[in-house]
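The values are calculated or read from the model by the stated rules, or taken from the named source; none is laboratory data. This structure is a prediction, so every number in the text was calculated from the model and none was measured. Note that we place each Cβ from the backbone using ideal geometry, even for glycine, and neighbour counts take in every protein chain shown.
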Amino acid sequence: MNRYPLWKYLLIIAVTVIGMLYALPNLYPSDPSLHITMEGKNKFDNKELDKIKTALTEAKIPVKKLESSEKKLTIRFNNTDDQFASVDPIKATLGKKYITALTLAPTTPDWLRSINALPMYLGLDLRGGVHFLMEVDMKTAIDKSLQRYSSELGSFLREKKLRYLGVIRQNDTLIIKFKTEALRAKALKALNREYTTLLDFKEIPSEKGVALQAKLTDININNTKRFALQQNITTLRNRVNELGVSEPIIQQQGLERIVVELPGVQDPSEAKKILGATATLEFRMVDEENDPFQAEATGRVPVGDKLFKERNGRPILLKRKVMLTGDYITGAAAVFDQDNRPAVSITLDGKGANIFARETGKNVQKLMGVVFIEHKTDVTKLPDGTISKKTKKTQEVINVARIQEQLSKRFQITGLDSPQESHNLALLLRAGALAAPIYIVEERTIGPSLGADNIEAGKISVIIGFVLVLIFMAIYYRVFGLVANIALTLNLVLIVAILSMLQATLTLPGIAGIVLTVGMAVDANVLIYERIKEELRNGLTPQLAIQSGYEKAFSTIADANITTLIAAIVLYQMGTGPIKGFAITLAIGIVSSMFTAIMGTRSIINLIYGNRRIKKLHI
């Protein structure tokens, strides 16, 4: 009567073995380590490795293991004190062109890695690191969109051979001026056809003739904001990868904010400089005919020109037309030119290479300027608690050179002050430009010792809760209680295994979810066992009582777990960060507890009682 078919036993055995295999990596603690990367090199040579070993030996810092792989060197230490102490000697030895990142390196055996069995990620509250809450400057994103449309509308009207007097910016709108109403009507018809969902056009009077007012549509504004947020998330992810931080968390929070968590990183200053930077480049031709000093003194800039300043403070006139922007850059590396000065080697994509080849081909033997553009946002908290932000745009010409020949996919820019500056600029260009400036509204640093304390506290809470439940079940339900304890142990193993397989990030709220699941998992067995006792009191035989108990308790267990699962899904959808961690562990715990409490315990009970006649159940 109480027997399972062979396939069910095989399924339970397979799930148990797989669960134990994928939970196993979490028993191997990570090593405090230092990641060192360098641009333009595939491997560290023996000379550099000897320098590092000598520096650490002189500083009396023991090394557990030194691993050199492609473009990265990992130094493992015995404890975090040695890890932190190693930073200064290594930086002093290698110089500024190397990127160093404090992190934790896994010690999972190779045979487990071969089946992709990896430990769970640990959140900041368990591992230590830095947390940034960053806000995207959406006003600048919309301003950039308007600026783009300003030049785009002019080009469109010229292509359609529709004469206009000019396109000017006025607050959040663009004003297109015409001589006659007939020209305006023709332009309005063409523009409405081309920019249907992008711009709203309105006829307005003008001082000289008539004009059209162009305003971004609500759909366009929302799309611009959404694109700026997603583009910034992608760019930040690229920059974090360049910093060499393992297991970063970069996610959207709301409609304008981004959360960046860098586990294992204890010095936020370098990360802040790279993450918040909004550097890009523009390539423009130099006006060699007009005098920039006269333009600066009189304030009269020639038509078609723009006044900039070089790094030495000298004024320079560049053409308004931008030959190329940093958007087309696909690769950048810090190098030294033929005179051993710091430079950046640039690689363009196919479209950028074609544009640059065409533009430089027309201007051989003429001067070209490279403009470095950066946005810096100052955030101050006002007495009333509100946040005031001011974004300052700085532009300077970092390089002026005569085009000796047609340039295409690869070229160099010079004029940089130091190797560190060339390294940072290359990193930013390689990772991509931010669609809009971002600024940090919240910053937290959590030390590794606090993380270790949290892990210990979480471990103790799980163990205490687990052991108390085991003792209660064993005493109160005897043999059936021991079976429930086996299922409960398997449930805990499966939760850890699934979290590891999903490479989910475990946080303190996640541990709370596991503790809650331990209590909930045994509820199902309590319902089943109480139903079996009730059926025995009603006079059923032990075999019938077991069958009836499992069948009749199933609907109650399913209802209770499904409602809790719905709550976990809602928490995951609506919550952020830690709340999502709690929801994930709770949901996984519910599903695994249904499997172990119903199918797992039934299989063991069937093995114990299913094939023999029994007069009494020890329950």
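Side notes on the structure shown:
- Which listed residue is assigned by TED's automatic domain parsing to the domain that holds ALA583, within 21 Å of ARG602 (Cα to Cα) and of a type in the set (Ser, Thr, Tyr), from THR517, THR505: THR517
- Inter-residue pairs, beta-carbon under 6 Å, first assigned to a helix (DSSP H, G or I) and in segment 155-182, second modelled with pLDDT of 85 or more, 6+ apart: LEU157/TYR164; GLU181/VAL210
- Check on LYS533, touching a residue at least 40 places away in the same chain (Cβ under 8 Å) and of a type in the set (Lys, Arg): yes
So that you can scan it fast, the table gives a plain yes or no per residue for (1) crowded, with 20+ Cβ neighbours inside 10 Å; (2) within 33 Å of the chain's Cα centre (by Cα); (3) part of a loop (DSSP other than H, G, I, E, B):
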position	(1), (2), (3)
ALA185	no, no, no
LEU191	yes, no, no
THR196	no, no, yes
ILE219	no, yes, no
PHE227	no, yes, no
GLN231	no, yes, no
LEU236	yes, yes, no
ARG239	yes, yes, no
GLN252	no, yes, no
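- Considered as a group, the residues in segment 113-141 that are β-branched (Val, Ile, Thr) and touching a strand residue (DSSP E or B) at 6+ places or on another chain (Cβ under 7 Å) include one that is nearest to SER33 (Cα to Cα), and that residue is VAL130.
- Filter result for LEU540 (surrounded by fewer than 18 Cβ atoms within 10 Å (Cβ to Cβ), more than 20 Å from ALA23 (Cβ to Cβ) and either assigned by TED's automatic domain parsing to the domain that holds ILE605 or at pLDDT 90 or above (or both)): yes
- Boolean, ILE569 is crowded, with 17+ Cβ neighbours inside 10 Å, out of contact with any Phe, Trp or Tyr (no Cβ under 6 Å at 6 or more places or on another chain) and either β-branched (Val, Ile, Thr) or in contact (Cβ under 8 Å) with a residue 60 or more places away in the chain (or both): no
Yes/no matrix, rows are residues, columns are (1) closer than 18 Å to PRO263 by Cα; (2) in contact (Cβ under 8 Å) with a residue 40 or more places away in the chain; (3) surrounded by fewer than 23 Cβ atoms within 10 Å (Cβ to Cβ); (4) of a type outside the set (S, T, N, Q):
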| site | (1), (2), (3), (4) |
| --- | --- |
| ASN454 | yes, yes, yes, no |
| SER461 | no, yes, yes, no |
| ARG478 | no, yes, yes, yes |
| LEU482 | no, no, yes, yes |
| ALA504 | yes, yes, yes, yes |
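- Qualifying positions in segment 348-369 - of a type in the set (A, V, I, L, M) and either outside any strand (DSSP E or B) or modelled with pLDDT under 85 (or both): LEU348, ALA353, ILE355, ALA357, VAL364
- Segment 108-154, subset buried (at least 16 other Cβ atoms within 10 Å of the Cβ) and β-branched (Val, Ile, Thr), residue nearest to GLU442 (Cα to Cα): VAL130
- Selection status of THR564, touching a helix residue (DSSP H, G or I) at 6+ places or on another chain (Cβ under 7 Å), assigned by TED's automatic domain parsing to the domain that holds GLY19, modelled with pLDDT of 85 or more and among the hydroxyl-bearing types (Ser, Thr, Tyr): yes
- Filter pass, ASP200 being outside the structural domain of ALA504 (by TED's automatic domain parsing), surrounded by 15 or more Cβ atoms within 10 Å (Cβ to Cβ), acidic (Asp, Glu) and in contact (Cβ under 8 Å) with a residue 60 or more places away in the chain: no
- Residues satisfying the stated conditions in segment 92-105, i.e. within 10 Å of SER30 (Cα to Cα) and either of a type in the set (S, T, N, Q) or modelled with pLDDT of 80 or more (or both): THR103
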